[in-house]
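A short write-up of the structure that comes next.
The values are calculated or read from the model by the stated rules, or taken from the named source; none is laboratory data. Remember, predicted model here, so these are calculated numbers, not experimental data. Quick reminder, even Gly has a Cβ in these numbers, built from the backbone with ideal geometry, and neighbours come from all protein chains shown. The area values use the complete protein model at the heavy-atom level, side chains included, leaving out ligands, DNA and RNA. Shrake-Rupley method; radii C 1.70, N 1.55, O 1.52, S 1.80 Å.
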Amino acid sequence: MTYASIKSHMSRLAIVAGVIGALTQAVPAAAADIPAKPEAGTFKLGIEPWLGYGQWHVAASKGLFKKAGLEEVELVNFTEDKDLNAALASGQLDAANIATHTAMGMVAAGLPVKIVSLLDFSLTADAILAGSDINSVADLKGKSVAYEEGTTSDILLNYALAANGMTIDDITRVPMPAADAGSALIAGRVPVAVTYEPYISTARAQDKAIKLLFEAGKDPGLVSDVLVVREDVLKSKPGQVLAMLKAWDAALADYKANTAEDRAIIAKAVGASPEDLATAFDGVQYYTTAEASKAFAGEFKTKTFVDVLKAAKLAKILTQDVTAEQMIDSSFVDAANK
């Protein structure tokens, strides 16, 4: 079993739509065609060092891929979605963990991938931060806001503004990496910052006056992550895809039984200490495949997908519509629970 991971800082940058894969269009396997035994060979999974993808690190550390029947799984970590997208498009990866809005961008750009499972919702792990003199989103009008354009921070900010009758034009944009936004707020360079964990916890630990002005959990699923798989892989290696989902479930069950131990595994994988991420973990809701199956048949398709699409278009990350029916293949999460 190989577990390859390139250490890097947290980043969930939005898709750069210039890369369009020259992949052959393929029809995903139907649930009845998914073999219980995975095919031989290596499964390559693109991943970024974000807590929501943490169960893959648990699976790698505890031999759960092998228990699921997989010969070899390689986790390849990226710092930017544009690089992950290029690797997926060129066939260097079989699948990838990405934000929902990033998956939309991939499909809009012409990359033939499908969402096969829902991995996590960020509830308090993505947020708008402000000092003591700003008490509501309405107070952001005319204020300078630090955030990383094209990312989940962009999605959250645009959604919060729209929910309060404003647009991005009502603020002064201060583009910078999410890793720097919290520091800019602490230093007094901006009165507001949008970022995610562990930067939220770091900022609040250094300045007790900093508050969570608006959290992703105000609309659960607005900031969410999914597993996407290339359509040709769904056709050629459906057993491996199913086995990966079973390994995820096994890791999540282990996480619930051995939370402190597995949080330490995840923290190390994302380059932080368990202490730094103590509250951050509580802001992430992981999904089993059974829960993903239920979500795909209900609110993820009818509400979450719609809200993310709207926010992504407001943020100008997307310029065209995509549909849940076009993007979601629920046959694998359904098969995982038979």
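Would you calculate a helix-derived [θ] at 222 nm for the chain, using -39,500 (n - 2.57) for each DSSP H run of n ≥ 4 and dividing by the full residue count, to the nearest 500?
Taking each H run of at least 4 residues, the total per residue is -10500 deg cm²/dmol.
When a/c is below 1.5 the answer is rounded, else prolate if a/b is larger than b/c, else oblate, so apply that to the stretch 203-338 with a ≥ b ≥ c taken from the square roots of the Cα gyration tensor eigenvalues.
It comes out oblate by the Cα gyration axes.
Where Lys and Arg each count +1 and Asp and Glu each count -1, what net charge lies around Leu51 among other residues with Cβ under 10 Å from its Cβ?
Local net charge: -2.
Scanning the chain for helices, which whole DSSP H stretches are 27 Å or more long along the axis (Cα) and average -1.0 or more by Kyte-Doolittle?
238-257
May I ask you to give the solvent-accessible area per residue for the chain, in square angstrom, as obtained with a 1.4 angstrom probe?
So the chain comes to 38 Å² accessible per residue, rounded to a whole number.
Place a label point 7 angstrom from the Cα of Lys338 along the Cα-to-Cβ direction, then list the residues of the stretch 32-50 whose backbone nitrogen is under 13 Å away.
Counting only backbone N, you get 32-37.
Just to verify a number: what accessible area does Lys141 come out at with the full protein assembly present, 1.4 Å probe, Å² rounded to tens?
120 Å²
Relative contact order for the stretch 206-338: what is it in percent, counting Cα pairs under 8 Å that are at least 6 residues apart? Intermediate values should be presented prior to the final figure.
Working: 61 pairs, mean separation 41.6, N = 133.
Averaging sequence separation for qualifying contacts and normalising by length gives 31 percent for the stretch 206-338.
What order, most packed first, do the peptides 215-228, 251-264 have when packing is the mean number of other Cβ atoms within 10 Å of each residue?
215-228, 251-264
Anyone know which of Leu309, Leu64, Leu140 comes out most mobile in the 10 Å Cα GNM of the chain?
Leu140
For the chain, count all C-alpha to C-alpha pairs, find those more than 26 Å apart, and express that count as a whole percent of the total.
It works out to 45 percent of all Cα pairs.
Hey, got the dipole for the stretch 126-218? About the Cα centre, +1 on K and R Cβ, -1 on D and E Cβ, debye to the nearest 20?
260 debye
Charges at C-beta only: +1 for Lys and Arg, -1 for Asp and Glu. How large is the resulting dipole of the chain about its Cα centre, in Debye rounded to 20?
With Lys and Arg at +1 and Asp and Glu at -1, about 160 debye.
Looking at the chain, what % of its DSSP beta bridges pair antiparallel, to the nearest 5?
60 percent
Would you mind telling me the share, in percent, of accessible area of the stretch 126-218 contributed by carbon and sulfur at probe 1.4 angstrom?
The computed percentage sits at 47.
Give the long-range amide H neighbours of Leu213: residues separated by 5 or more places, or on another chain, with amide H under 5 Å away, using H modelled in the peptide plane at 1.01 Å from N.
Ile128, Leu129, Ala130
Expressed as a rounded percentage, what relative contact order does the chain have, with Cα pairs under 8 Å and six or more residues apart?
Numbers: 716 pairs, mean separation 98.2, N = 338.
Contact order relative to length: 29 percent.
Given the peptides 161-168, 300-307, arrange them by the average over their residues of other C-beta atoms within 10 Å, most packed first.
Put in order of decreasing packing, that is 300-307, 161-168.
Treat every Asp and Glu Cβ in the stretch 168-265 as -1 and every Lys and Arg Cβ as +1, leave all other atoms uncharged, and give the resulting dipole magnitude about the Cα centre to the nearest 20 debye.
The calculation lands at about 100 debye.
Based on the alpha-carbon gyration tensor of the stretch 35-190, what equivalent-ellipsoid semi-axes (square roots of 5 times the eigenvalues) come out, in whole Å, largest first? All intermediate terms of the calculation are to be shown ahead of the outcome.
Values: eigenvalues 277, 57, 37 Å².
Whole-Å semi-axes of the equivalent ellipsoid: 37, 17, 14.
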